[in-house]
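The values are calculated or read from the model by the stated rules, or taken from the named source; none is laboratory data. What you see is a predicted model, and the numbers here were worked out from it, not measured in a lab. Quick reminder, even Gly has a Cβ in these numbers, built from the backbone with ideal geometry, and neighbours come from all protein chains shown. Calculation scope for accessible area: heavy atoms of the full protein, side chains included, ligands and nucleic acids excluded. Shrake-Rupley method; radii C 1.70, N 1.55, O 1.52, S 1.80 Å.
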Amino acid sequence: QVQLVESGGGLVQPGGSLRLSCTTSLDVLNIYVLGWYRQAPGKQRELVATIKSGGSTKYGDSAKGRFAIYIDKSNKAVLLQMNNLEPEETDIYSCSADRGMERNWGRGTQVTVSS
């Protein structure tokens with residue numbers, strides 16, 4: 001069973017930064033494609049970023065140049081560094097682990113961007 005536990009969300013001012021963490025197992029980090037997605041109430045889930053065990057990354061258009069996804073094996077986590085956040089990015093951010101047709105989700109962490 002794949003377990004994904006997100007943390008690091010909270011309230012941040014516009015232009016501020018947050019780092020989200022998704023803790024899992026080393027097996028998951030080595031085998032699955034890890035990702036971050038976000039979703040606001042009433043809206044479709046949106047890709048933020050994904051990363052493969054070899055290090056190749058993919059970003060959603062709004063995340064390019066401001067966000068960075070990376071794997072921290074010492075802490076068994078996939079991290080998402082978010083910079084220059086905007087109020088429109090207030091969402092629930094969820095961690096995913098994909099392998100073929102299998103997709104697993106964490107419970108999500110709330111990020112609120114507001115002054």
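Report the normalised scattering of the chain as log10 I(q)/I(0) at q = 0.11, 0.14, 0.18, 0.19 Å⁻¹, calculated by the Debye formula with identical scatterers on the alpha carbons.
For the requested q values the scattering log ratios are -0.31, -0.51, -0.84, -0.94.
Place +1 on the Cβ of every Lys and Arg and -1 on the Cβ of every Asp and Glu in the range 18-102, take the dipole about the Cα centre, and give the residue among Leu79, Tyr93, Ala40 whose Cα lies farthest towards its positive end.
Highest projection toward the positive end goes to Leu79.
In the chain, carbon and sulfur make up what percent of the accessible area (probe 1.4 Å)?
Using a 1.4 Å probe with all protein chains present, the chain comes out at 46 percent carbon and sulfur.
Give the cross-link partners of Lys64 among the lysines, using a straight C-alpha distance below 23 Å as the criterion and excluding same-chain residues fewer than 8 apart.
Within reach: Lys43, Lys52.
Set the Förster radius R0 to 25 Å, insert the Cβ-Cβ distance between Arg66 and Gln1 as r into 1/(1 + (r/R0)^6), and round the FRET efficiency to 0.05.
Result of the calculation: an efficiency of 0.15.
For the chain, what does -39500 (n - 2.57) per DSSP helix run (n ≥ 4), summed and divided by total residues, give at 222 nm, in deg cm²/dmol to the nearest 500?
After summing the helix terms and dividing by the residues of the chain, the value is -1000 deg cm²/dmol.
Does a label point 7 Å from the Cα of Asp98, set along Cα-to-beta-carbon, have any residues of the range 18-34 with amide nitrogen under 13 Å, and which are they?
Correct set: 32-34.
Need the full-extension length gain, Leu26 to Glu86, defined as separation in residues times 0.36 nm minus the C-alpha distance. One decimal, nm.
Full extension from Leu26 to Glu86 adds 18.3 nm.
About its Cα centre, how strong a charge dipole does the chain have in debye, to the nearest 20, once Lys and Arg get +1 and Asp and Glu get -1 at the Cβ?
It comes to approximately 220 debye.
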